[in-house]
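Taking it in order: structure first as structure tokens, then the write-up.
The values are calculated or read from the model by the stated rules, or taken from the named source; none is laboratory data. The model shown is predicted, which means the values in this text are computed figures rather than measured ones. Counting neighbours? That spans all protein chains shown, and the Cβs are built from the backbone with ideal geometry, glycine included. The protein model used for the area step is the full one, side chains on, heavy atoms only, and it has no ligands, DNA or RNA in it. Shrake-Rupley method; radii C 1.70, N 1.55, O 1.52, S 1.80 Å.
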Amino acid sequence: MRLVAGAATDVGRVRQGKPNEDAVLVDDRLHLFAVADGMGGHRAGEVASATALEALRAAIASGRPVPDAIASANSAVFSKAFDDPELRGMGTTITVAVAGDGQAIVVGHVGDSRAYHLHDGELVQITEDHSLVEELVREGRLTPEQASVHPQRSIITRALGVDEQVQVDVYDVDLATGDRVLLCSDGLTSMVRPNDIARILRREDDPTRAAEALVDAANAAGGEDNVTAVVLAASDDAPAEEGAAVATDTPAATTAAAPEDITRATPASAPDAVDTGVVSVVDAVGAHEPRADDALPDEPLPEPIRLAPKGTARRILRVVLWLLPVLVVIAVAIGAVGWYARKAFFVAFDNGRVTLFQGRPGGVLGFNPTVKQRTKLTANDLSPADRADVSAKKRFTDEAKAKRYVAALKSKAAERAAVAATTTTTSAPTVPTAPLNPSGP
Ligand code: MG
């Protein structure tokens, strides 16, 4: 079996002039294909998706299996977000397909981008969305129809870059000749119904044309989000060799391309254009025979559907919620957000002073942390280890433990001051203070 890939990405109709936060990866040499939908302020969303795909590719290239490679992408985004205040809170979805043994592909997935399988003309969704509304559908509390128009349908419950660990869904999918696999961001699926996606995939034999037609359909329906599609066609016109289930036409073109050439999303300066960088790479590595009737689609474009607009407020809400673990988002759904937001404590620097807060760093849906106790302690009063803990916003589940921790910081600071004074007057060697060891939360 051989996989021929086509890809297209576009900033959409509504966010023109802003960066395309989707990224796409087509690497025929590694038989690796992926989409990522990034999120975060300023240019952070763009950074998140590109970082994830670059790390993914490096991990797959070094022979790691799909879940490990996605975990590695998670670490790359997480540490970049941790190191750079401008990028804090960024995250990204990822949906990956890698050729497996024989006729199979391995699909790895986190977030609400999707993978579909078209077999015998039937479109089946491979992945389950990690989104609030999908969880409510699985619990029987919303119908799929209600979910598709729900105002909070873009809130996701799992993403890369949010936590040090991430749970990855993995699927093995057997392909038959003629099958198609689609990887796409929610900019497609929130604009175009599955039936219409299936119709386009059936109509357009060529993967690149299919990907472009899908992006065009999303834009025709309003283009309210960045939209990305990767179409893989399973073909048998180049028999698989031992150890190479997927043939490549021009592997040199793939290896010569720098990662950023492939993962770069559409530049903001050319929001209308389907990403030429991506498409040229795809064209180079996924060569195809042009159809005789290229100019004449045999079916009219599907009637677009219009769903509720993806406004800035929802975007911000989605970003905020990315900071929360899955259970918290469910708690939001059942109205327990206030309880959740207030039952935690953390110690951090506020205006340079050690401060005890009630709440959670960053707040939860308007429940912002409040100051419980201010101290005069500054970073210079703390040992390096304590300073690091407080800088990282040390968390507690109850107030008493948090207060004991602050008290311990104070007494240690007093000891350190006393030791420093002694050292100054007697020139005695510095006595290292014992490491603070508060009982954990
Ligand atoms: Mg999106």
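Odds and ends about this structure:
- Pairs meeting the criteria (first residue in segment 17-30 and within 13 Å of the ligand (Cβ to nearest atom), second residue of a type in the set (Phe, Trp, Tyr) and open to solvent by less than 10 Å² (accessible area, probe 1.4 Å), beta carbons under 9 Å, at least 6 apart or on different chains) are Val24/Phe33.
- Taken together, Val364, Val390 contain a single residue that is crowded, with 19+ Cβ neighbours inside 10 Å and within 15 Å of Ala341 (Cβ to Cβ), which is Val364.
- Just one residue in the set Ser190, Ser235, Ser185 is more than 19 Å from the chain's Cα centre (by Cα) and either closer than 21 Å to Ala97 by Cα or assigned by TED's automatic domain parsing to the domain that holds Ala34 (or both); that residue is Ser235.
- Leu132, sole failed condition from (1) away from the ligand (no atom under 16 Å from the Cβ); (2) more than 14 Å from Asp172 (Cβ to Cβ): (1)
- Among the residues making up segment 163-193, those that are within 16 Å of the ligand (Cβ to nearest atom) and not hydroxyl-bearing (Ser, Thr, Tyr) are Leu182, Leu183, Cys184, Asp186, Gly187, Leu188, Met191, Val192.
- Conditions (1) open to solvent by 60 Å² or more (accessible area, probe 1.4 Å); (2) at pLDDT below 90; (3) more than 27 Å from Asp83 (Cα to Cα): number failed by Ala421: (1)
- Here Arg153 meets each of (1) open to solvent by 10 Å² or more (accessible area, probe 1.4 Å); (2) touching a Ser or Thr at 6+ places or on another chain (Cβ under 8 Å); (3) over 24 Å from Gly41 (Cβ atoms); (4) not acidic (Asp, Glu) with one exception, condition (3).
- Of the residues making up segment 212-225, those that are within 16 Å of the ligand (Cβ to nearest atom) and either touching a Leu at 6+ places or on another chain (Cβ under 9 Å) or within 20 Å of Glu122 (Cα to Cα) (or both) are Leu214, Val215, Ala217, Ala218, Ala221, Gly222, Glu224, Asp225.
- Residue ID - least open to solvent (accessible area, probe 1.4 Å), chosen from residues in segment 103-114 that are among the small types (Gly, Ala, Ser) and away from the ligand (no atom under 15 Å from the Cβ): Gly108
- Ser49 modelled with pLDDT of 95 or more, crowded, with 24+ Cβ neighbours inside 10 Å and in a helix (DSSP H, G or I): yes
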